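Worksheet: the structure to be examined is printed underneath.
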Amino acid sequence: MVDKIRRAFDELEAPICSTCNIEMRWTRSTLVAADIINHLFHCPNCSRAGETRSKIEAVMVPPGKLSAPAFKRAA
Ligand SMILES: [Zn+2]
């Protein structure tokens, strides 16, 4: 589960504050569903909150093949 969040975070782009036009800073990420992570951000200048969501697509592993599952972020 932690690995899922880490992978999603690796490809995460911070939202831009609509007021200051600068990148928001990541605050935390929360798994809100089996395959959806909510990422919370705040603007370091005006403290406006922002968030983005990542959907994780689990790659199906054939039965009997117990290699580590791979995940990729939906486009
Ligand atoms: Zn701002």
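Structure above, values below:
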{"item": "Spin-label model distance (nm) - E51 vs V32, 7 Å beyond Cα toward Cβ", "result": "0.4 nm"}
{"item": "Long-range HN-HN contacts of S29 with modeled amide H, under 5 Å", "result": "L40"}
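Readers should treat all values here as calculations from the given coordinates under stated rules, not as data from a laboratory. None of the values given here were measured: they were computed from a predicted structure. Cβ coordinates were reconstructed from backbone atoms using ideal geometry, including for glycine residues, and neighbour counts include every protein chain displayed.
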